Every structure is written in structure tokens, then in C-alpha cells.
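Data block below; observations after.
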Amino acid sequence: MTDQLETVRRTGDGARPGSPADTSNAAAAVSGAASAPNPAPAPDAPAGGMHASYTPRTPLRGPGEEGQRRFYVSVRTKFLAAGAIALCWVAFSVWLALPWIQTTSNLVGPVSAVVLIALIAFIPGGLVAFLVASLLFDRQPRLRVERPTTGVTVLIAARNEAEGIGQTIAYLATQDCEGTCNVILVDNGSTDDTVEVARVQAEAWNLPLTILHESRPGKNNALNTGLRSVRTPLVITVDADTVLHRSAVRLLLARYESSPPDVVAVAGSVLVRNSRQSFWARVQEWDYFLGIASVKRMQGLYQGTLVAQGAFSLYETDAVRLVGGWPDAIGEDIVLTWKLLRLNCRVFYEPLAVAFTSAPEDVRSFARQRSRWARGVIEGLRTVPPWKQPRRMARVLTAVDMTIPFLDTAYLIAWLPGLVLACFGIFWLVGPMTIAVLPLTALAYGVLFHRQWHYVFKPLGLHVRKNWFALLAFVLVYQILMSMASVRGYVQELLGMRRQWK
């Protein structure tokens, strides 16, 4: 598969990555004013650094300097070390939990007792221990290329996004990347003024914009229609309700050009932009900032980011075409990423390439979104099962996803009832080792909060909002609702129920 990709790179329409892009047939520019003032900060986006270019605080490491570091620990060694720490934690947990296992065995039998306790304590504890160790080992490689000049196409699929598409276009127009940045907007049957708002905004900013139309419903259809018009070697997808930090596109390109040749995609960092709109959006702000980001950092460390999310990610155009474009799936970005990994290629993550997207503002919309995400995981596992991943670390990471549906189900049917019983001193299902997972999780969040603040927000000039009540809700009730929504999604997928984009 890797040989096929190299052949496509040599014979495809796009220029080779890292070389000047052929943009003569790229998206046609619309006429407009030659210059315009910086856009006013979006009312829902963090104030401060959104419009300031990122400049590294320390000089970039040049080619050949990698070997001058005093100590170097390979990614494989970190992976094995984190795995060893997780196994030690599980072994210690089993030893401490022997009385608990015996008590539960008297109620449900030995096999059921071991399975239940493994699902609600041992496996979650091992995964959290692996996550904590990985975050402590994580050292993001320095960028070798600070200001890439490779041309790129930004692809936006939109349906009834008139309210937010204007800001998305404005923030794209003020990106500080030095190469050509063309934008393709694919309208997927909008019934509002999405196209007109985008056209007017692009003209005001003199932004190269091509508008295409795709009448067949489905985000994958819209993205694939746009893909056929891409003439640059790299393509970036951005959701129509997402705004980018001024250096976001440049940093995605810089990470790609600073990476090994077998890297075919780079996922950006996605945070919440509308946390002022509702309490539930503020709760999700912590999930994006801590939960999702921690998993992304861990997977990025092992060069197997499992979701190059459609909201903001970079892909090699030829690689996407080689795997057939975006699939007809509710989790089209998940399945696409796993197909790219199956090419024996790698997917990186750049935490400094920050985008802000709109999160659901009420619990009902949140539940629908997380049900879709859960269905996407099942689609990915069905399309590319772990044993078909050629790289060992990607195989392990995707295998972990196979346990998630069982963990979510056990959380609802065993952990929550067991927690109620534990409050009355009855430790049939929830015992001391289950509670021990909580400080481990707090440690993981603490490590990531430090990393996010000192190595992402502070360098970019962004600020963390002090939403302490939302943080408390995130810790106490968020997982309950997320597991309920996920289990609903698993059931929907198993029953083959109708899929919806939104």
C-alpha cells in the first residue's frame, strides 16, 4: 500500500510535498478589496491571541541537530514503558482487589465477578495509567520548518451555515501562511443564505474562493465533490462553524513538513468557541480542553492519531484519493483516518494548530452528537479492524477502541448502581480500586492542564476561562451523560438505524 501511495505522489496532479505547489488550476479567486482591517474578534472566541501570529520562544532545531541532544528516548521505548506502567498498575489493583472479587463472586459467580470488576475497575485503571505515563513522556518534536510556502486548499462542506460561515471565511482570510491558500466551499443543499454570506465575505477579504454545489445529502458527498477540484498536494478540512487561530494553517503545514515522509495527515487541536452561550457548552469546554486533548496528545505521541477530525485537519490529497475519499459513514473522518493508517502511514497531531468550533448548547444536541461519534467508532472498527493495521502501535491503539463500547455499557449497568450501593457501605460492584481510578484521572487532567497552559495557550496568547462550576459538572456528571449517549449510538449502529449528518 505504501508503494501505491509513492506511485500516486510521483504521478498525481499535485506537486510533491515540500515543493512549490502548482496552483495555476486551483480555486478561482473572487474580486474584492485589496486589503481590509483585521476581523473583529468573534464574540464566542477567546480574546487575546486569536489574531497574533505564533513565534516560537526558542530557535528551531535545524536538520542534523537531532543527534546533539544529550538524551533521546525513542517513541517505541516510551510506548513500552507506558504499557509496563499500566500493567503494573493493573497487577497491583488485582492484588488489592482480591477480597472484593471474592465478595462479588459469592453473588454473581467467579467468572461474572472477574468480568464486571475488570470492566469497571481494572481496564479503566490500566488505560488511565497508560494515559498518565504517556502524557509525562510526551515531548512534542520541534518544528524544522517555521514558515512553509507549500500551497494548500481549504475544503469546507456546509449546509445551512449562514450564521457562522462569515466568521469562518474571515478567519481564513487572515491566516499568516506564506503559501497560496485557496478555499473551496461545497454547499450541500442549503436553504438559507450560506452561499451568499460566504461570497460577500470572501470578496471583502479578497480571499480566493470557489463555490461548488452538491445536491446529494451527506457530508461525505460534499467533501468528495470538493476533493475532485483540489489541485494542491495538501488539503485542509474546516467545519463551517469553526474559526482558526491566525497561525493555525501555518502550524499544520509546518508540522507536516517537519515530519517523516510516511506522515500523510496531521490533526489540529479543536477547542470550544461558544462556551459563553450556555452552561452545557462551558462543561464541554473542559472536555475539549482536557479529555479530548489528552487522548489526542497520547495518540499523537505514538504517531497514530486515530481521528484526524474533519473540523480541522490536514491531509495529503493523493493519499485521500488513494483510499477512495471520504466514505459513506456517519463518522467519515474516523473511517478515513483508519484507512490512511492501513496504508502503513502515520498520522500526527499538532497541539499548537488551534481551531475553535461550536459545541452543542443543550444536553439533547450533545447526546445526538456523541451518539454519532459512538457510531463512527463502530464503523471504523468494522471497516478496518485492529488486526488489519500494519503498524504495531496503531494496532494496539485501535484495539483499545474495541473495549470502549463494553466499558460504556458496564459503566451504566454496573458502575452507577454499584456506586449507589457503595455509598451505603455495600461494596458488591464498586470497591476501593474503582474509586482509586478517580485520583489517577485527576492526575492525568492536572498534567494536561499544565501542558495545555504552558505549551499551547500561553505561547499563542490565549487564556483559560475559570469555569469552576462547569469543571465540577464535568467531573461529576459528564461521563454519565456521555456513556448514555454512546450506548445509544452503539445500539443505533447495531440495529442499522437511519444516519443523520446533524
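The values are calculated or read from the model by the stated rules, or taken from the named source; none is laboratory data. Everything quoted here is computed from the prediction, not taken from an experiment. Backbone-built Cβ (ideal geometry, glycine too); neighbour counts: all protein chains shown. Accessible surface is based on the protein model in full, side chains and every heavy atom, while ligands, DNA and RNA are left aside. Shrake-Rupley method; radii C 1.70, N 1.55, O 1.52, S 1.80 Å.
So what is the calculated 222 nm ellipticity per residue for the chain, using -39500 (n - 2.57) for each DSSP H run with n of 4 or more, over all residues, to the nearest 500 deg cm²/dmol?
Per the formula, -14500 deg cm²/dmol.
Quickly work out the V420-to-H450 label distance, labels modelled 7 Å from Cα along the C-beta direction, and quote it in nm with one decimal.
3.9 nm
Keeping every protein chain in place, order C345, C423 by accessible area at 1.4 Å, biggest value first, i.e. largest first.
C423, C345
Taking the Cα atoms of the range 361-419, what is the range of coordinates along each of the three principal axes, in descending order and whole Å?
Taking the Cα atoms of the range 361-419, the three principal extents are 39, 30, 16 Å.
Per residue, how large is the accessible surface of the range 131-229? Use a 1.4 angstrom probe and give square angstrom. Don't skip to the end; give the middle numbers.
On the way: 3800 Å² over 99 residues.
For the range 131-229, the per-residue accessible area is 38 Å².
Output the peptides 206-213, 330-337 sorted from most to least packed, where packing is the average of other Cβ atoms within 10 Å over each peptide's residues.
So the order, starting with the most tightly packed, is 330-337, 206-213.
Counting Lys and Arg as +1 and Asp and Glu as -1, what is the net charge of the other residues whose Cβ lies under 14 Å from the Cβ of F137?
+4
Along the positive direction of the dipole of the chain (beta-carbon charges: Lys, Arg +1; Asp, Glu -1; about the Cα centre), which of P141, S105, G324 reaches farthest?
The listed residue farthest towards the positive side: S105.
Give, in nm to one decimal, the length gained when the segment between L412 and L494 is fully stretched (0.36 nm per residue of separation minus the Cα-Cα distance).
Extra length available between L412 and L494 comes to 27.7 nm.
Counting DSSP beta bridges with both partners in the chain, what percentage is antiparallel, nearest 5?
Here the antiparallel bridges make up roughly 35 percent for the chain.
Report, for the range 257-393, the % of DSSP beta bridges that are antiparallel, rounded to 5.
25 percent
Just to make sure I understand: if all protein chains stay in place, what is the order of H51, H245, H463 by accessible area at 1.4 Å, largest first? Please list the in-between numbers first.
Values: H51 50, H245 0, H463 115 Å².
Per-residue accessible area, sorted high to low, gives H463, H51, H245.
At 1.4 Å probe size, with the rest of the protein present, what percent of the exposed accessible area of the chain is carbon and sulfur atoms?
Details: 13190 of 21720 Å².
That fraction is 61 percent.
Please compute the modelled spin-label separation between V200 and L80, points set 7 Å along Cα→Cβ, answer in nm with one decimal.
Those two pseudo-labels are separated by 6.2 nm.
Once you have the Kirkwood Rh of the chain from its Cα pairs, apply Stokes-Einstein at 4 °C and 1.567 mPa s and quote D in µm²/s. List each step's numbers first, then the result.
Working: Rh = 23.7 Å.
For the chosen part, D equals 55 µm²/s.
Taking the highest mean first, how do the peptides 486-493, 156-163, 248-255, 468-475 order by number of other beta carbon atoms within 10 angstrom per residue?
Sorting 486-493, 156-163, 248-255, 468-475 by mean packing, highest first, produces 248-255, 156-163, 486-493, 468-475.
Measuring from label point to label point, each 7 Å out along Cα→Cβ, what is the N106 to L87 span in nm?
The modelled label-to-label distance comes out at 3.4 nm.
Rolling a 1.4 angstrom probe over the protein heavy atoms, how many square angstrom per residue are accessible across the range 262-396?
Details: 3680 Å² over 135 residues.
On a per-residue basis, the range 262-396 sits at 27 Å².
May I ask you to rank I101, I292 by accessible area, largest first, using a 1.4 Å probe over the protein chains only?
The ordering from most to least exposed comes out as I292, I101.
For the range 454-502, what is the accessible area per residue in Å², given a 1.4 Å probe and the full set of protein chains?
63 Å²
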